[in-house]
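> One structure follows; several queries about it will come next.
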Amino acid sequence: MAVCHLEFGSVSLGMRTRVNVILPDYPNDPKVLLLLHGLGDDENSWLEQSRLISYSTNRQLCILMPRVDRSYYTNTMSQVNYFDYVADELLKRCCCWFGITPTRSKTFVGGISMGGYGALKLALNRPNIFSESFVLSGVTDLGKQWDNNLERNPWYSALFGSRQQFEKSNSDLHFITTHWSKNVDRPRIRQICGQADPFYSMNVEYQKIAVSNGFDAHLKTVPGGHQWNVWDSAIQTVLESIDAEIK
């Protein structure tokens, strides 16, 4: 297994950025997992706070861990296009650099907290690319999060525009989930959340909404709160689930 630390100029972001990549020692048509960080974290968090490197050994899996700052994986009002970067540019460039050609059935996205929101947002907006989303302690209702934290209004407005502009946009996960086209394949949704996590109730509610709208969505409830010992265990479940998918 190889661990690569890359710095490069992103067209979507208009600046230099960084991504960490875990690769099999001898890649043989590996699956791909885009693994996203949470608020206050960066591209190094999964490597530093979990045993991801150890868990990845002997797996035919390429893991991409980009830096997205505090962006909520959106194209900001100042035209720093984080969504375009992670949804389109990053995956294409990494696959080109490493000679990987994944199909939809072998391409996955996951993340924690803000990254859980990002993982769900990417899968719902790019269902032609991602077959499955792993939402770990995710912010599954950003509208409610916004309403409950009005002190964040300047920050959220700088990202999404007004509260009204956010609604029914590609950032409004509840709207996308409840207005799905019957002609578009639905990504599978796998949520893992600690029962003491402050986002647990919104994860329960989102799973119900997703199932009632035809999604293959499951929520695994585990002990613990919004913390890395929960996510270190959760990422093992994620990797095992990816292993079990048809090659």
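> Which order do the peptides 172-182, 2-12 take when ranked by the mean count of other beta-carbon atoms within 10 Å per residue, highest first?
172-182, 2-12
> Considering only the other residues whose Cβ falls under 10 Å of the Cβ of A123, what net charge follows from Lys and Arg at +1 and Asp and Glu at -1? Intermediate values should be presented prior to the final figure.
Numbers: positive: K121, R126, R186, R188; negative: E132.
Local charge sum for A123: +3.
> Here's another thing I want to ask about it. How large is the dipole of the chain about the Cα centre if only Lys and Arg carry +1 and Asp and Glu carry -1, each at its Cβ, rounded to the nearest 20 debye? Write out the running numbers ahead of the final one.
Working: 24 positive and 25 negative charges, 93 e Å.
Roughly 440 debye for the chain.
> State the number of lysine pairs found in the chain whose Cα atoms come within less than 23 Å, restricting to pairs 8 or more positions apart or on distinct chains.
Lysine pairs satisfying the spacing and distance rule in the chain number 23.
> Separate question: Using the beta-carbon distance between Q79 and C4 and R0 = 25 Å, what value does 1/(1 + (r/R0)^6) give for FRET efficiency, to the nearest 0.05?
So, using R0 = 25 Å, E works out to roughly 0.30.
> Still on this structure, please answer the following. Could you compute the FRET efficiency for Q227 and S157, with r as their C-beta to C-beta distance and R0 at 35 Å, rounded to 0.05?
Working from the Cβ atoms, E equals 0.75.
> In whole percent, how big is the carbon plus sulfur part of the accessible area of the chain, probe 1.4 Å, protein atoms only? Can you show the working numbers first?
On the way: 5220 of 10800 Å².
Carbon and sulfur: 48 percent of the exposed surface of the chain.
> Once phi is turned into θ = phi - 60°, what whole-Hz ³J(HN,Hα) does the Karplus curve with 6.51, -1.76 and 1.60 give for every residue of segment 85-99, x standing for Gly and Pro?
Coupling constants for segment 85-99: 5, 6, 6, 10, 5, 4, 4, 5, 5, 5, 5, 5, 4, 9, x Hz.
> Moving on to the next point. Please give the per residue accessible area of the chain, computed with a probe of 1.4 Å over protein heavy atoms only, in Å².
Roughly 44 Å² per residue, with all protein chains present.
> Which residue, S241, Y117, I176, has the largest displacement toward the positive end of the dipole of the chain when charges sit on each Cβ (Lys, Arg +1; Asp, Glu -1)?
I176
> Per residue of segment 33-43, what does 6.51 cos²θ - 1.76 cosθ + 1.60 with θ = phi - 60° give for ³J(HN,Hα)? Whole Hz please, x for Gly and Pro, Karplus curve as stated.
Values, residue by residue: 10, 8, 10, 9, 8, x, 4, x, 9, 8, 5 Hz.
> Let me ask something additional. What is the calculated FRET efficiency for V211 to S169, with r their C-beta to C-beta distance and R₀ = 30 Å, to the nearest 0.05? Could the numbers behind the result be given before it?
Working: r = 23 Å, r/R0 = 0.78.
The pair V211/S169 has a calculated efficiency of 0.80.
> Right, another one. Treating only the Cβ atoms of Lys and Arg (+1) and Asp and Glu (-1) as charged, compute the dipole magnitude of segment 207-247 about its Cα centre; round to the nearest 20 debye.
In total the dipole reaches around 180 debye.
> What does the accessible area of E43 come to, in Å² to the nearest 10, when a probe of 1.4 Å is used?
Surface open to solvent at E43 totals about 10 Å².
> On full extension of the chain, what length is gained from N58 through H218, given 0.36 nm per residue of separation minus the C-alpha to C-alpha distance? Don't jump to the answer; show the numbers that get you there.
Numbers: separation 160, 0.36 × 160 = 57.60 nm, distance 2.74 nm.
Gain on extension, N58 to H218, equals 54.9 nm.
> Restricting to Cα pairs below 8 Å that are 6+ residues apart, what does the relative contact order work out to for segment 1-130? Please round to a whole percent.
Answer for segment 1-130 is 29 percent.
The values are calculated or read from the model by the stated rules, or taken from the named source; none is laboratory data. From a predicted model like this one, the values you see are computed outputs, not experimental measurements. Don't worry about glycine lacking a Cβ; one is built from the backbone with ideal geometry, like all the others, and counts go over all protein chains shown. Protein only, heavy atoms only, side chains kept; ligands, DNA and RNA dropped before computing areas. Shrake-Rupley method; radii C 1.70, N 1.55, O 1.52, S 1.80 Å.
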